[in-house]
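The values are calculated or read from the model by the stated rules, or taken from the named source; none is laboratory data. In this text, all values refer to a predicted model and were calculated from it rather than measured experimentally. Ideal geometry is used to build each Cβ from the backbone, glycine not excepted, and the neighbour counts take in all protein chains shown.
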Amino acid sequence: MKQARFWLLSAAAMLLPHAAFAQPRRPGEKAPALAQPATPPPPPPTSVPTDLGDIDSPAPAAGASSAGAAAAAGSTGSASSGSGDRVGGICDVDPSACAGTAPVGALRDRDVKADIYAVQQIYALRRGRFELMPYWSFSLNDQFVGHPGPGFGLNYYLTDVLAVGINGTFHQPFNTDLDFNFQNRRASRVAVPLNEYQAVATANFTYVPIYGKFSTFREFIFHYDGYVVGGVGVLRSRPIPVIDPDNRTFDWNSNVTMTAGLGLRVFINRWFAVTAELRDYIYVEQVENTRIAPTASQQRDPSAFKWIDEKPLTNNVQAQIGISVFLPFGWDYRLPK
Amino acid sequence: MKQHFSFRETTMKRIAFAAATALGVSIAFAAKPRSAAAQEIQLTGPLAGAPSVRNLRLHREGRVELAIGPGFTLLDEYQRTIFASGRLNYNLTDWLGIGVFGGYGAASLNTDLTDRIDVTAPRNSRTATNIPPANGPSFASQTGKLKFMAAPQVIFSPFRGKLALFQKLFVDTDLYLHGGAAFVGVDERKDCTACTDASAFDTQTRIAIAPTFGLGLTLYTRGLLSVNLEYRAFPLLGGWNRSGYDTRGAGPDGSFPDNQVNEDDRTGKFNQMVFIGLGFSLPASPTVSP
């Protein structure tokens, strides 16, 4: 019994120093020395690798040679064999604890930018990801003809704030000539030239200067961003014959359009978001001639009497409500939080 | 016609093919094993169960807010209205407030259609009821205008947060919804039975009641001031005669002109406007949550 008590006390005495390694170091206390390689690496720019070494690596005796260090490392297991990227410790005991993190050696040797970013570990990173954006569009500034329609956008983010992409909206079956036009024509005998759209397609740059988050009832947090978009493309439109509908028919015209807009994207998770966007498509429209040729033969011949009269610069302001799906769905952050 | 049908059919097939392709790609990406998964941070230890936000500046709770600025109507047919408008709120909590929005129609601007009608509409027996005579008032004088608005309302602001502009400038924000009843002063052509007289194109003002709702975004400074962008819809479901035309009242379903201007000629309109305001809140400093 006495012998058993002796051995238990001896074992406890041997374990005490090892337990003390996990305690925080007091200010001014010197850190235990690490094994020095034959060619010492450049001094670490931050304290992160040093701290990792303190925790994860066994502390060999001061002044041990590189061969001794290699031997000691080799004795700890395969994770540190040869390469020197890993120095053992918790990564050997439980490899899952180190999954997804770079080897300690690589972390130690790399260049670290000393900048501290105002926003770190942004909830939804965009760089290198594709964004699929189906939406429904409707017009905001045409009180005569509604131009709703489905659309689809595809963006690729070159950086977290800059993307290139394309988008297109299909309007043709959804144009609505409102009853207001008929009532106005009947009452005033004044016909307003009307136009309908077939489709619009543009190539865009997207810039994301605004990033933020909302808390809902101080419980749930939604992340969002605000972006501006601009580009160039083609808008296909044609006049709806209302001045002389018995004789005139119009084909679709392809008009070069400039586009500019701004949008809001609210993230539901890291790859799915709800979007609202305001777009202005600026183009030169072809408008039906409000005058009619005096003779029937001239009325039927567009070369004898122009069916198209004015070509005004037109703003087609559209609101687009949709969703965004980012691919790939996930990523690894480059720096720890 | 056949060609048109085949074009539409082809187009629909293309849309269906594109949709199926997009769906297939999405499923393929979703089914692929994720080599890079987002790092969800599971809170344990002393932070478990802690509130998601601490030391939140309560810009609304217990504060009175006065916001003033212009309001612009959208999608107008004959007259655009610029309101000199303001809003007075008292916020019972940080997410619920009561208040009133008001505006005075400071300017009514003709749309291009109004000017075009005034210049080009023929003056004859067919238009005598609807267009003033050549030596009479302008067409714009008979068109409907919004003169004022008063809207008691409830403000619900469940979304509270902040935004970073260029990762440099940080601003507290909230996104809110509002709803209430709007009392709208509508100036429209007065009722008439002998509607071709020059005096029959005068207008009269009445008060119409409409539901009003919308949403807005507030950007707060640390203290007194805030900037507000708000969308407001106030559909006049009972209708108003925006053109001053006689368009209804006769025929089996009342959809033909009856040579009289009265309430039959009113049509519903989904009125909308945008308000941009500069806000002042009292007390000048917000409280801070625990």
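Below are the figures for this structure:
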quantity: Residue count, region B:60-91 (criterion: within 14 Å of chain A (Cβ to nearest Cβ) and either within 19 Å of B:G179 (Cα to Cα) or part of a loop (DSSP other than H, G, I, E, B) (or both)); calculated: 9
quantity: From A:V256, A:V228, A:V284, A:V242, residue being modelled with pLDDT of 90 or more and in contact with a Lys or Arg (Cβ under 8 Å, 6 or more places away or on another chain); calculated: A:V284
quantity: Pairs with Cβ under 8 Å, 6+ apart, first in region B:192-207 and part of a strand (DSSP E or B), second of a type in the set (S, T, Y); calculated: B:T203/B:S141
quantity: Extreme residue, farthest from B:L217 (Cα to Cα), among residues of region B:92-117 that are in a loop (DSSP other than H, G, I, E, B) and hydroxyl-bearing (S, T, Y); calculated: B:T111
quantity: Residue in region B:162-178 that is in a loop (DSSP other than H, G, I, E, B), buried (at least 18 other Cβ atoms within 10 Å of the Cβ) and not acidic (D, E) present; calculated: no
quantity: Total residues in region B:119-173, condition among the small types (G, A, S) and closer than 26 Å to B:V186 by Cβ; calculated: 9
quantity: Subset tally (residues that are farther than 14 Å from A:F180 by Cα, free of Cβ contacts under 8 Å to residues at least 40 places away in the same chain and not in a helix (DSSP H, G or I)) for region B:257-287; calculated: 1
quantity: Single condition A:Q286 does not satisfy, out of (1) surrounded by 15 or more Cβ atoms within 10 Å (Cβ to Cβ); (2) closer than 21 Å to A:V161 by Cα; calculated: (2)
quantity: Filter result for B:V171 (within 13 Å of chain A (Cβ to nearest Cβ), β-branched (V, I, T) and closer than 30 Å to A:I210 by Cβ); calculated: yes
quantity: Residues satisfying the stated conditions in region A:306-331, i.e. out of contact with any helix residue (DSSP H, G or I) (no Cβ under 8 Å at 6 or more places or on another chain), at the interface with chain B (Cβ under 10 Å from one of its Cβ atoms) and of a type in the set (A, V, I, L, M); calculated: A:V317
quantity: Count of region B:242-256 residues which are crowded, with 18+ Cβ neighbours inside 10 Å and free of Cβ contacts under 8 Å to residues at least 24 places away in the same chain; calculated: 2
quantity: Check on B:S226, surrounded by 17 or more Cβ atoms within 10 Å (Cβ to Cβ), of a type in the set (G, A, S), touching a residue at least 40 places away in the same chain (Cβ under 8 Å) and touching a Phe, Trp or Tyr at 6+ places or on another chain (Cβ under 7 Å); calculated: yes
